[in-house]
1. Among the residues of segment 340-359, is there at least one that is more than 30 Å from Asn616 (Cβ to Cβ), in a loop (DSSP other than H, G, I, E, B) and within 16 Å of ligand 2 (Cβ to nearest atom)?
2. Consider Asn551 carefully, then state whether it is at pLDDT below 95 and more than 19 Å from Asn280 (Cβ to Cβ).
3. Within segment 236-243, is there a residue that is hydroxyl-bearing (Ser, Thr, Tyr) and touching a Leu at 6+ places or on another chain (Cβ under 6 Å)?
4. Restricting the first residue to segment 339-351 and requiring it to be more than 17 Å from Tyr326 (Cβ to Cβ), which pairs with a second residue that is among the aliphatic types (A, V, I, L, M) and in a loop (DSSP other than H, G, I, E, B) meet a Cβ separation below 8 Å and a spacing of at least six or different chains?
5. Before we move on, is Phe413 away from ligand 2 (no atom under 16 Å from the Cβ), aromatic (Phe, Trp, Tyr), more than 28 Å from Gly437 (Cα to Cα) and surrounded by fewer than 21 Cβ atoms within 10 Å (Cβ to Cβ)?
6. Give just the number: which of (1) among the small types (Gly, Ala, Ser); (2) touching a residue at least 40 places away in the same chain (Cβ under 8 Å); (3) closer than 23 Å to Lys400 by Cβ does Gly437 not satisfy?
7. How many of the residues making up segment 255-277 are within 16 Å of ligand 1 (Cβ to nearest atom), at negative phi and part of a loop (DSSP other than H, G, I, E, B)?
8. Looking only at segment 493-521, filter to residues that are out of contact with any helix residue (DSSP H, G or I) (no Cβ under 8 Å at 6 or more places or on another chain) and not polar (S, T, N, Q); which one of those is farthest from Tyr326 (Cα to Cα)?
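The values are calculated or read from the model by the stated rules, or taken from the named source; none is laboratory data. Every value quoted in this text rests on a predicted model; they were computed, and no experiment measured them. Positions of Cβ are generated from backbone atoms using ideal geometry, with glycine treated the same way; all protein chains shown enter the neighbour counts. Surface areas here come from the heavy atoms of the whole protein model, side chains and all, with no ligands, DNA or RNA. Shrake-Rupley method; radii C 1.70, N 1.55, O 1.52, S 1.80 Å.
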Amino acid sequence: MNNRFSNFFSKFNFKGFLLFIKNFFLNNIDIILFLILATVKLLNFDEYLSPYPFKYKLVIKPLVASIVCIIAISFLFKNKARTTFLYIFDIVISLFIIADMVYYRYFKDLISIGVIRNGVMLGGVKSSVSDLIKLKDFTYLLDVLIFIPLFMLYKKHKRNQLSFIKRFALFAVVLAVSIYVDGYQMYKMSIDQPGLLTTMYNRVYISRFLGNLDYHALDIYNAAATKLKSFKMLPNDEQKSIQTSLARNTNLSTQNMAGIGKGKNLIMIQVEALQQFVINAKVDGQEITPNLNRWVNKSLYFDNFFYQVAAGNTSDAEFLTNNSLYPAASGAAYNLYAGNTYSSMAKEFDDKNYYTAALHGYRESFWNRNVMYKAEKFDDFYGEKSYKINETVGLGLSDKSFLNQAMEKMQKFSQPYFSFLITLSSHYPYDDVKGYGDFNVGDLEGTLTGNYLKGIHYADAQLGTFLDKLEKNGMLDNSIVVLYGDHYAIPKDHINELYSFEHINNPTDLDWYELQKVPMFIHFPKDAYKGVNHKYSGQIDVYPTVANMFNLPKNYMLGNDLFNTSNKPIIFRNGSFTDGTTFYVSWTNTYYDIKSGKQISETKDLKAKKSQVLSNLQYSDDILNHNLLRKYLRKK
Ligand code: GP9
Ligand code: MN
């Protein structure tokens, strides 16, 4: 054994090996240094974002792969240009990190193309930008400064220059391997967090688990893909049909409830995960939502009102009720189209000299709200930073404290005002049962549905107190209240709990869809117009209905005024629809007769309806992708 080793070593040309290593190192210091420095900086920033002990293993693969992608591209350049390219990219990475760090300090989020495009860098930041930039942030630029002399020297250093073919081959191989590794990590995330890479709703999460470079690459890709769609010219006849469709509420034959809100305040409340099955329902002999039941009875209640959200979830609900346009075909409109022009509810109220404010107790940048509310022309957005975080229940500030503090703010609002409030505590997975307080859910104890009932019972109590206070202090004498749920509470993977709670045996897709309602009621001063309206309706119809009551322009809405239209299809983003008589379920291409619950075959009329539904969705996509409202509003 020993002589085999001694033979090996005697033959092995140790000197030659050392020379090879020395030359390799001298010829590639720029790449080696870039790889080390970029990895250290990006890992360090990742650790800064991690709320608990940082595990580099969770991010090292995509993070290094993204850096190697850049190194692969550098092989396309000759030596000197390669060194300059890597040096510049080292500066770019440092600037990304510093900018994200400053933005994160205030918004607890990362900068995006949308943020930059809408100039909402630190808009509304109470402290000046300088307070947010810390000296230590510039350590991320230290290497850039220290290596200037080395960089200048190294560029002059004689290195053997690979031919273009060899450099291209290196580029191709290294890029392919790094994209494979990085792409696989992104694929895994897209499985683990469906929709996240297209909606980008949790930018911090993407950066933490893919690395900051991948996050910015994905953000730029999504923004570019959306922009590209806008270059496709729309034929004139299509633009005409879009405008006709948008103006569907301008020449209606009736004018019921027109102008009854003139000069009054509008208080619109979006309730987190308020699904309709809890209204007037009981668990273990107790009412789940006693307060909302009481207010439903004092209001005009729409008991066949559907949520129409898609990947944008809560933000889609807001988008639908504030703009009467459909959610994005994929991704979240609040992220993808925050640079668009809208004829939003806040804008039109603004034009009527209303004070308009959005109020929500969670991070300002979550769902890109701080950017989107600017695009929707809200005068103010009172996000998390505007409240004393003196009590948390569920995801953040408790509904109790949020609604109390919101009330204090509203009392100071100049009238008339449009206040849009979004609650938070009853948020999936409803696990803050301690915070929700005691509420006996019988044998549902410990189940998701049971915890949800506790959560919504808690939210109901806070909403009851809030509405009662508004009534008591006279604020409702001159205000109309619209309250609705944002989306489902019980997800599909727990739907059997809901079927059993509702005593539904052998459920069909129709049963599932009929449960996808959220309550919506409109309260008028002195409890006027109270009653139940069974009309099939959806979140997209809120704005036209409000516009009619408050004499707002109604030229750019795809929803229908519920007081002056009927039998209009309620359209869902996946192409399903209902008109109150028939339900079409797109994923099985099946029609149901709602009364009998039976499947029915497609008729000519139903086929025509289905194609009209798809046109409506296409119109909405074209409006967003081509930012058509900017064009139409400019022409006005
Ligand atoms: C966060 C809250 C929840 O601000 O609106 O959003 P969701 O997770 O329900 O879409
Ligand atoms: Mn929600």
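1. Within segment 340-359 (the criterion being more than 30 Å from Asn616 (Cβ to Cβ), in a loop (DSSP other than H, G, I, E, B) and within 16 Å of ligand 2 (Cβ to nearest atom)), the answer is no, since none of the residues qualifies.
2. Answer is no for this residue.
3. no
4. Glu348/Leu552; Phe349/Leu552
5. yes
6. Looking at each condition in turn, Gly437 falls short on (2).
7. Of segment 255-277, the ones within 16 Å of ligand 1 (Cβ to nearest atom) are 268-275.
Keeping just the survivors that are at negative phi gives 268-272, 274-275.
Cutting the leftovers down to part of a loop (DSSP other than H, G, I, E, B) gives us 272, 274-275.
Here the count works out to 3.
8. Within segment 493-521, the match that is farthest from Tyr326 (Cα to Cα) is His503.
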